[in-house]
Protein chains: 2
Amino acid sequence: MRIVVVKRVLGDNERRAARLRQRFAAGRCLAVNLLGSPGAGKTALLERLIPMLRRRRLSVAVIEGDIATTRDAERIEKAGAPAVQVTTRGVCHLDAAMVGAALRKLGRLPDVLFIENVGNLVCPAAFALGESERLVVLSVPEGDDKPDKYPAAFAGASAVVINKLDLAAYCKFNKARAVLAARSVNPALAVFETSCADGFGLRELAEWLLARRASALALRRPAASTGSFRDVAP
Amino acid sequence: MRIVVVKRVLGDNERRAARLRQRFAAGRCLAVNLLGSPGAGKTALLERLIPMLRRRRLSVAVIEGDIATTRDAERIEKAGAPAVQVTTRGVCHLDAAMVGAALRKLGRLPDVLFIENVGNLVCPAAFALGESERLVVLSVPEGDDKPDKYPAAFAGASAVVINKLDLAAYCKFNKARAVLAARSVNPALAVFETSCADGFGLRELAEWLLARRASALALRRPAASTGSFRDVAP
């Protein structure tokens with residue numbers, strides 16, 4: 001009985017996510033689902049990326065998923081992007097219905113929409129949000145064994161961002177081992193290395209997002225198409 | 001319908017946890033449920049605590065919860081304690097039924113049983129495992145705002161262990177703010193500060209565990225009692 005209900009919940013979510021995917025494609029919006037453990041640095045990455053993307057004349061908005069508090073949305077607005085806070089009140093992940101409700105509050109779709117998921121390397125991996133790209137943020141102090149231990153988060157991602165590289169000198173973190181483990185569950189994974197403390201690697205990540213958006217727009221069939229970016233991009 | 005099933009699942013778990021609690025009390029076993037984000041340092045803490053407790057002539061065993069891999073159980077056995085690995089295959093938390101099954105593999109109850117939960121600051125908080133003490137591990141690089149953002153994990157704990165204190169010089173972490181936030185959801189919370197890199201603070205944590213066990217045994221009614229340690233300890 002429990003399994004039947006879980007299947008129904010996931011099936012409902014898939015249908016809602018497919019509708020969001022169509023909507024993002026029609027609105028020429030690159031939607032990026034950001035996953036990672038609590039404290040991996042997801043909000044800090046956005047604080048750095050938002051001004052870089054805005055300087056490239058792209059509009060950016062953020063949906064902030066948190067169990068409690070609206071602190072992250074406040075940080076995002078200071079960084080220069082509108083933010084809609086989704087407070088899940090105990091729920092361990094965002095789902096497509098929550099994103100749909102947040103979009104109604106947001107109004108117009110931006111060029112780039114970041115969806116910062118609840119800090120959790122497990123449950124969010126099971127819930128599609130209609131995203132074009134899924135980034136999993138792995139911070140150096142968490143350890144290089146995390147892709148082995150939490151494979152689903154890495155299997156479903158388009159890129160891993162190895163963050164807090166400034167702490168590498170003080171932690172036992174073997175980058176080659178982490179990348180090998182992540183690629184063993186997902187050979188197509190793009191890899192970025194960043195530090196929000198000193199800005200290292202952020203330009204490369206921003207350029208990759210721009211390239212993903214450009215290639216999706218170039219290859220995409222007319223706006224009425226139902227294809228997601230990922231369906232048609234190389 | 002979904003809510004009804006979730007309630008039933010949690011109700012079943014409460015009943016199983018109550019039976020485990022009786023069993024731990026009858027067996028004079030201090031059961032410690034260890035919660036924390038991926039990479040907070042839960043296994044490293046156990047690697048340090050096991051030899052300290054064994055030198056005090058206590059038997060120690062560990063139930064290791066992981067989504068995938070048996071790596072943590074191997075680390076624990078090297079540290080000198082028997083370990084039973086529970087591989088949840090995607091499930092985001094341990095529940096009382098999983099702990100019951102692991103106990104059957106373990107055989108005799110030890111003086112101190114550590115149950116290392118899946119790395120997740122959200123879902124494990126909802127599932128009692130019959131434990132006498134619940135420790136939540138918060139590592140310095142995760143940030144001092146985590147008790148505000150993940151309140152349930154802190155509300156249900158008996159102690160918070162602020163770990164990776166050796167990284168405090170390289171992270172923006174305001175300890176007073178973290179403690180204030182944690183105690184605002186749980187005024188009775190004990191606070192420890194540790195570093196597994198240099199051993200700082202581990203003796204205090206081990207002494208606290210010994211004291212909790214001693215006071216539970218001293219105050220406990222005869223072995224047939226149904227009270228948990230926490231029910232009768234001050």
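Values in this text are rule-based calculations from the coordinates and carry no lab data. Fair warning: this is a prediction, and the values are worked out from it, not measured in the lab. No Cβ is skipped: glycine too gets one built from the backbone with ideal geometry, and neighbour counts run over all protein chains shown.
Residue by residue, here is whether (1) in contact with a helix residue (DSSP H, G or I) (Cβ under 6 Å, 6 or more places away or on another chain); (2) of a type outside the set (Phe, Trp, Tyr); (3) surrounded by 16 or more Cβ atoms within 10 Å (Cβ to Cβ) holds:
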| position | (1), (2), (3) |
| --- | --- |
| B:Leu20 | yes, yes, yes |
| B:Ala26 | no, yes, no |
| B:Val32 | no, yes, yes |
| B:Pro38 | yes, yes, yes |
| B:Lys42 | no, yes, yes |
| B:Met52 | yes, yes, yes |
| B:Ile63 | yes, yes, yes |
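Selection of the stretch B:158-203 for residues being out of contact with any helix residue (DSSP H, G or I) (no Cβ under 8 Å at 6 or more places or on another chain) and over 16 Å from B:Leu138 (Cβ atoms) yields B:Ala169, B:Pro187, B:Ala188. Does A:Val99 fit the bill of being within 14 Å of chain B (Cβ to nearest Cβ) and more than 23 Å from B:Pro141 (Cα to Cα)? For A:Val99, the condition - within 14 Å of chain B (Cβ to nearest Cβ) and more than 23 Å from B:Pro141 (Cα to Cα) - is not met.
Going by the structure shown, is A:Glu193 under 18 Å from the mean Cα position of the chain (by Cα), acidic (Asp, Glu) and buried (at least 17 other Cβ atoms within 10 Å of the Cβ)? Answer is yes for this residue.
Taking A:Val6 and the conditions (1) surrounded by 17 or more Cβ atoms within 10 Å (Cβ to Cβ); (2) more than 17 Å from A:Leu135 (Cα to Cα); (3) not charged (D, E, K, R), which numbered condition does it fall short on, given that it satisfies the others? Status for A:Val6: all satisfied but (1). Would you confirm, using the coordinates I've provided, whether A:Glu74 is free of Cβ contacts under 8 Å to residues at least 12 places away in the same chain and within 14 Å of another protein chain (Cβ to nearest Cβ)? Spelling it out, A:Glu74 is indeed free of Cβ contacts under 8 Å to residues at least 12 places away in the same chain and within 14 Å of another protein chain (Cβ to nearest Cβ).
Within the stretch A:98-157, the set of residues being in contact (Cβ under 8 Å) with a residue 40 or more places away in the chain, of a type in the set (Asp, Glu) and surrounded by fewer than 24 Cβ atoms within 10 Å (Cβ to Cβ) comprises A:Asp111, A:Glu133.
Restricting attention to the stretch B:1-47, the residues that are touching a Lys or Arg at 6+ places or on another chain (Cβ under 7 Å), closer than 20 Å to B:Ile67 by Cα and more than 14 Å from chain A (Cβ to nearest Cβ) total 2.
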